Structures are given as C-alpha cells and as structure tokens.
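Reading through the structure tokens given below for one structure.
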Amino acid sequence: MRRVAIYGKGGIGKSTTTCNVAAALAERGLTVLQIGCDPKSDSTRLLMGGQRIPTVLDRMRDGGAVALEDIVFRSASGVYCAESGGPLPGVGCAGRGVITAFQQLDALHAFDVVRPDVVLYDVLGDVVCGGFAMPLRSAYARHVLVVSSGEMMSLYAASNILAALRHFEGRGYAEFAGLVANCRNVRNEDEALARFCEEEQVSLVARIPRSDEVQESDEAGALCFERFRDSAAARAYGDLADFIAALPEAVPHD
C-alpha cells in the first residue's frame, strides 16, 4: 500500500491535483482511497461529479451508529472517497475534527474493507499543527508531496511544511517525496521554484502547466484527466500518478 499526504496552501489547487491523480491511478487498475482533510469538505468534489459527499463529522453529529457506507463513497472513476469535515462555524477546532474522523475510519476498519493500493490524504497546509499534522504520522502516510506555485505565500507554506517534516525526522514520521508545481504563470515562476528547490534541497517531481482545460473542468465539476485526455495538464497528472505508483510501499496499516 502506498500512503501519500498531499499538502499545500489553501487555494493552490491541491484538491484538483489530488482528484485528477486519483482518477489516473484508478485507471491504471489500482484501488484508490482519497481522504479529504479540510473543513471545507470539497476535496473529492470533482471525483463525485461536482457534488459534495456527507462528511464523517456530519454523520457523527447526526447521532446513532455510523456505518462505513455512510462515510465512504465510490466515484464513477472507481476512487473511494471520504471527507473528514469540520466543526460547526465558530465552534471547536478544525484540526481536532481531522483526528476524530481518522479515529472513526479506524474504528470501522476502513483500510481493511476497502483494501486500497494507494491512499491519498488531501490536507490543508496553511498550518501544520494538531489534526493537520495527523497524516504525517507513520501509521497513516509514508510519503508527503507538497503542491505549490511560484508565488511567495505558496512557497512560504511549502517551507513551513518542510520544516515540520524536518522537526519530526527520526521519529518514524512520513518522509518528503517531492514538490509538485501547480503553475500560475506568475512572473519568473520557474526560476522561483528552481531557487526554492535549491535552497530547501528538494526535488521538483511534477510540473502541472497553467491550463484553460483545468479551469473549465473545475467549473463543470469534472476531471481534466477525463475531460481533456490529450491536454498537457492531463499528461502531467498521469505522470504524477506513475510517480506515486512507483513509491515504496508502506507497512500494513495498524
């Protein structure tokens, strides 16, 4: 099983990237489970045809017993989808919501039932604390990818995520697998990304070009990988899927 946490600043396109890569992995014959770890609960929207699925925390707030089929849904492309959800606005901690959702998925033996070949955690990366650091633990993700553009605040968030990983180094936490450039066509973007990689001593493992096809697909609640198969972006998503599929497997989930 490959278990990968995908982090990035809010709004950088990590959910769009994760959904398209998940579909590409599923097309390659792999069983994929995507878990959204963001209180906006929109990680899996493109996989589900533009619709939001009930979140783990929503189901728990409803009261009564929660079954796995209440919180894990299979998309048309074959990807299993779950959303952690978050607390009611102004009440509670969003990071704590991620922890609670993970505990519920574990209690329902989600990994044993779905038996995924690849697990993708789509995680808000503006802050790396509390529940948002949960996927970094070795019991969950083994590898971390960070999605960033060449914009200053996006690279700042990426640097914070790398600092968190280095802080946990040697404690059995996930390891950094590479930077994914989700390009915005800002001035000197490639140069900024190259400089960041040199300064942080990390590798750029994928470059997704700025694309009208991606924007059009997002607005339609669809996947660029399926809607515009011959586009440069779709090819980039496929290449990133191949990179993930080639990562070393993690030990079985406890």
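The values are calculated or read from the model by the stated rules, or taken from the named source; none is laboratory data. Computed from a prediction, not measured in an experiment: that's the story for all the values here. Here the Cβ positions follow ideal geometry from the backbone for every residue, glycine too, while neighbour counts run over all protein chains shown. Ligands, DNA and RNA are excluded from the accessible area calculation, which covers all protein heavy atoms including side chains. Shrake-Rupley method; radii C 1.70, N 1.55, O 1.52, S 1.80 Å.
Can you tell me which residues in the range 164-205 are closer than 22 Å to residue 140 by Cβ and either charged (D, E, K, R) or touching a residue at least 40 places away in the same chain (Cβ under 8 Å) (or both)?
Result: 166, 169, 171, 174, 175, 177, 178, 180, 202, 205.
Looking at the range 59-71 only, could you name the residues that are open to solvent by 50 Å² or more (accessible area, probe 1.4 Å) and touching a residue at least 40 places away in the same chain (Cβ under 8 Å)?
Answer for the range 59-71, where residues must be open to solvent by 50 Å² or more (accessible area, probe 1.4 Å) and touching a residue at least 40 places away in the same chain (Cβ under 8 Å): just 60.
Do we find that residue 22 is open to solvent by 20 Å² or more (accessible area, probe 1.4 Å) and either among the aliphatic types (A, V, I, L, M) or within 20 Å of residue 110 (Cβ to Cβ) (or both) in this structure?
no
Among (1) touching a Phe, Trp or Tyr at 6+ places or on another chain (Cβ under 7 Å); (2) farther than 23 Å from residue 23 by Cβ; (3) open to solvent by 50 Å² or more (accessible area, probe 1.4 Å), where does residue 213 come up short?
(2)
Determine if the range 21-39 includes at least one residue that is in contact (Cβ under 8 Å) with a residue 24 or more places away in the chain and in contact with a Cys (Cβ under 6 Å, 6 or more places away or on another chain).
Keep residues of the range 21-39 that are in contact (Cβ under 8 Å) with a residue 24 or more places away in the chain, which gives 21-28, 30-39.
Applying the additional criterion that residues be in contact with a Cys (Cβ under 6 Å, 6 or more places away or on another chain) yields 34.
Within the range 21-39, one or more residues are in contact (Cβ under 8 Å) with a residue 24 or more places away in the chain and in contact with a Cys (Cβ under 6 Å, 6 or more places away or on another chain).
Checking residue 11 against (1) within 26 Å of residue 162 (Cα to Cα); (2) surrounded by 18 or more Cβ atoms within 10 Å (Cβ to Cβ); (3) under 13 Å from the mean Cα position of the chain (by Cα), which single condition isn't satisfied?
Checking residue 11 against (1) within 26 Å of residue 162 (Cα to Cα); (2) surrounded by 18 or more Cβ atoms within 10 Å (Cβ to Cβ); (3) under 13 Å from the mean Cα position of the chain (by Cα), the one that fails is (2).
Please specify each residue of the range 231-249 satisfying the condition of being open to solvent by 60 Å² or more (accessible area, probe 1.4 Å) and β-branched (Val, Ile, Thr).
Residues satisfying the conditions do not exist here.
Among (1) within 23 Å of residue 111 (Cβ to Cβ); (2) over 17 Å from the mean Cα position of the chain (by Cα); (3) open to solvent by 50 Å² or more (accessible area, probe 1.4 Å), there is one condition residue 74 misses while meeting the rest; what is its number?
Residue 74 satisfies all of (1) within 23 Å of residue 111 (Cβ to Cβ); (2) over 17 Å from the mean Cα position of the chain (by Cα); (3) open to solvent by 50 Å² or more (accessible area, probe 1.4 Å) except (2).
Here are 35, 53: which of them is β-branched (Val, Ile, Thr), assigned to a loop (DSSP other than H, G, I, E, B), open to solvent by less than 50 Å² (accessible area, probe 1.4 Å) and at pLDDT 90 or above?
The conditions single out 53.
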